[in-house]
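The values are calculated or read from the model by the stated rules, or taken from the named source; none is laboratory data. These numbers come from a predicted model, not from an experiment. A quick note on method: Cβ atoms are made from the backbone with ideal geometry, for glycine too, and the neighbour counts reach across all protein chains shown.
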């Protein structure tokens, strides 16, 4: 029975600097998140939530993806929603949640209002994202299985932790802010597949920063509302697991394919082999059986369907399309002659010996040669390789010039939150 | 296993008018709520939440208790918090929640923005309050016992239902708005005794109207997020009880004493006997044993302690103080000589044969006469008597002139929401 409030309070008020490798991963997630947010700004849910907030007008404290300004809380709501609209942002498997979309919108909006420099932004972002993962580990799989959207619930706690770090709140107020965020933290998996899913990320970001702003004004809340007998853990199927003190953030994973997460390991195996359709006689993909009911549409006729189809996604790769690009998963490509032909080369099989993050590919080439490839999304990834891939993804989403300019900005210790904001309104 | 979404959707989109007696009770609750909100506007939690919202500026769509204007969602947040700050607002025992503070702030703010006439305001308010009670019955005692603050959770559903009624949303959008409110609905009893408790009422009001505003803009949400397999009921210890189709709102109860609810039946027995301290030799109060650990402080030395003290509250009544007035429960009166002397006449005993809403008083007068009185808060109350008492309470809180003017306004079918708003900024 771990008490999470003192654990997170120590993390937030620690005078130890965030280790450099953790900061580096945090900057990578910031780049990835910015790319997702800028690319998602015109999605229908993004337009609706932004329009509602802009109709409310309000102090122009922080910028919105897609343009316009709003109070910090409202900007966190919009930018959390927008950056999760494409479902292309980062994931952490320790708790199964999306740390960036729940935490970074709150940090960036508050940092912009306070004209914070990038090093402090990275520090608060790393603490907030780390806190969201640890809160999620503390809540445990039972919380997620019960129906709670971890991104929304653990995310609100993380957003509160990160913004409390940015404000430098003392211990007693950090605990109260976490407690107050706990009474506001909410989000149901029942909205998966609807606009409600990205909105859940937005409400996490906005609830976290709202709780911190109130406590910073003198609002007095129960500092034990996460852990106490009627606290968030007790009421939300929490397991009270010990999250440990090792940094979790470096294990965050970025998506490199604009489709269902279940397809990613398979696409990685294909990428490792550098094949083209004309060379291939037959392909057999083995994956964890759970995915067969999630993303194994055999012959989809839409781009959305292609995002949930092993055969189509592999066929897109075999015919030379870049699966990092949103436009690759279009209705037209899903039914194009070469993709449909390449799809016929692929057989998909469930394999209980694989984890959910693994895939194995067997290829018979037309020249009779047999090739195999295996990928595990959970395997450690070299930082340089990760950086290159996130950069390539940002280029695919935003174009080379914008992506390169973002990368320089996020790497600079002289940059300020306002410089990032300028990029967000593009 | 009752499905609450179709049940509430039918209620919201019904073309039947709300029955006149239900409307009458609703108007009474509006008067009571306005009095609580105006009287609570300077409480510390009220000042903090209002200051935060005013710092955000924003469209001047709806008025705040205590002055200032804000967007509808923000006004609902502030006015829900402010009107619950004194904990003097109405209660419904069918689900154990405070219907007015969660629902009326949302209705009034949206009605003011839309320049709605009072009859439509009363219609939407009655539907919303009724929906909150029925949602609470559907969730059941298990939800409350688990640690959820019914005012906050069922209240958000009620606020969504009432504002959907005001906007005249069609069936499909009402169901989506209820579903979207379900992913935002939150509030823990862990914050009882802190500023978090009234804030929970504010977040209910604001979450409900926010969900409706988004759906009215075209936001698409899961319409089954209350009832579905991972819906709010399943994730929040819901019992799926059938709330039935009889109107629950008429059974709402207004507080007539500015102290813990556990003292009210006892104060009613005293009021029935018209006694003064000098006539009394001894008093024995019998109450349900549960209250003995809640509000039986034998000799408190503060006004706050007096609110949780049978002996002190009865002594205040015996010495002629009006227990409807907030100022009666002051530090000075709690230790005044006549109150301390009168307190010594009172003995308190637990009695398992009484319900939690009942109290029995036995008085031995100095002249040897014995008197008894019994009160049951659950017993039906004559509408004329209720009206007189709510009016007297409003007078005690606001003064006769303001109370009379409010009463006239709320009784008038020619009044508009804006007229009520003018009174709220006093």
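Details
- Where residue B:5 falls short, out of the listed (1) within 14 Å of another protein chain (Cβ to nearest Cβ); (2) not in a helix (DSSP H, G or I): (2)
- Residue within segment A:258-268 that is touching a helix residue (DSSP H, G or I) at 6+ places or on another chain (Cβ under 7 Å), within 21 Å of residue A:365 (Cα to Cα), touching a residue at least 60 places away in the same chain (Cβ under 8 Å) and surrounded by fewer than 19 Cβ atoms within 10 Å (Cβ to Cβ) present: no
- Number of the exception - residue B:290 against (1) closer than 24 Å to residue B:35 by Cβ; (2) in contact (Cβ under 8 Å) with a residue 40 or more places away in the chain; (3) under 22 Å from the mean Cα position of the chain (by Cα): (1)
- Filtering segment A:193-209 to residues that are facing chain B (nearest Cβ under 8 Å), on the phi < 0 side of the Ramachandran plot and either surrounded by fewer than 24 Cβ atoms within 10 Å (Cβ to Cβ) or in contact (Cβ under 8 Å) with a residue 40 or more places away in the chain (or both) leaves A:194, A:195, A:199, A:200, A:203.
- Sole exception among (1) more than 9 Å from every other protein chain (Cβ to nearest Cβ); (2) over 24 Å from the mean Cα position of the chain (by Cα); (3) not in a helix (DSSP H, G or I) for residue B:278, by number: (3)
- Filtering segment A:81-116 to residues that are within 14 Å of chain B (Cβ to nearest Cβ) and within 18 Å of residue A:397 (Cβ to Cβ) leaves A:81, A:82, A:84, A:85.
- Residue A:390 falls short on exactly one of the conditions (1) assigned to a loop (DSSP other than H, G, I, E, B); (2) in the same structural domain as residue A:86 (by TED's automatic domain parsing), and that condition is (1).
- Candidates A:142, A:156, filtered to the one that is within 13 Å of another protein chain (Cβ to nearest Cβ) and in contact with a helix residue (DSSP H, G or I) (Cβ under 7 Å, 6 or more places away or on another chain): A:156
- Flag for residue A:215 being over 30 Å from residue A:384 (Cα atoms), over 23 Å from the mean Cα position of the chain (by Cα), more than 14 Å from every other protein chain (Cβ to nearest Cβ) and part of a helix (DSSP H, G or I): no
- Residue in segment B:223-239 that is within 26 Å of residue B:32 (Cβ to Cβ) and either within 23 Å of the chain's Cα centre (by Cα) or within 14 Å of chain A (Cβ to nearest Cβ) (or both) present: no
- Candidates A:305, A:320 - the one that is farther than 30 Å from residue A:369 by Cβ and free of Cβ contacts under 8 Å to residues at least 60 places away in the same chain: A:305
- Any hit, segment A:342-359, residues being at pLDDT 95 or above, surrounded by fewer than 18 Cβ atoms within 10 Å (Cβ to Cβ) and part of a helix (DSSP H, G or I): no
- The single condition among (1) closer than 26 Å to residue B:208 by Cβ; (2) in contact (Cβ under 8 Å) with a residue 40 or more places away in the chain that residue A:184 does not meet is (2).
- Residue match in segment B:61-68 (condition: closer than 16 Å to residue B:394 by Cβ and in contact (Cβ under 8 Å) with a residue 60 or more places away in the chain): yes
- Hits in segment B:350-384 (condition: over 17 Å from residue B:270 (Cβ atoms) and under 25 Å from the mean Cα position of the chain (by Cα)): B:355, B:356, B:378, B:380, B:381, B:382, B:383, B:384
- Subset of segment A:223-242 (residues that are touching a strand residue (DSSP E or B) at 6+ places or on another chain (Cβ under 8 Å) and either in contact (Cβ under 8 Å) with a residue 40 or more places away in the chain or more than 21 Å from residue B:233 (Cα to Cα) (or both)): A:225, A:231, A:232, A:236, A:237
- All positions within segment B:44-90 that are over 16 Å from residue A:210 (Cα atoms) and surrounded by fewer than 19 Cβ atoms within 10 Å (Cβ to Cβ): B:44, B:59, B:60, B:67, B:68
- Residue, nearest to residue B:264 (Cα to Cα), within segment B:55-80, restricted to residues that are more than 10 Å from chain A (Cβ to nearest Cβ) and touching a strand residue (DSSP E or B) at 6+ places or on another chain (Cβ under 7 Å): B:78
- If you go through segment A:281-294 and keep only what is modelled with pLDDT of 90 or more and closer than 20 Å to residue A:375 by Cα, you end up with A:282, A:283, A:284, A:285, A:286, A:287, A:288, A:289, A:291, A:292.
- Residue count for segment B:161-192, restricted to those that are within 11 Å of another protein chain (Cβ to nearest Cβ) and surrounded by fewer than 24 Cβ atoms within 10 Å (Cβ to Cβ): 1
- Verdict on residue B:364 being part of a loop (DSSP other than H, G, I, E, B), outside the structural domain of residue B:29 (by TED's automatic domain parsing), at pLDDT 95 or above and surrounded by 15 or more Cβ atoms within 10 Å (Cβ to Cβ): no
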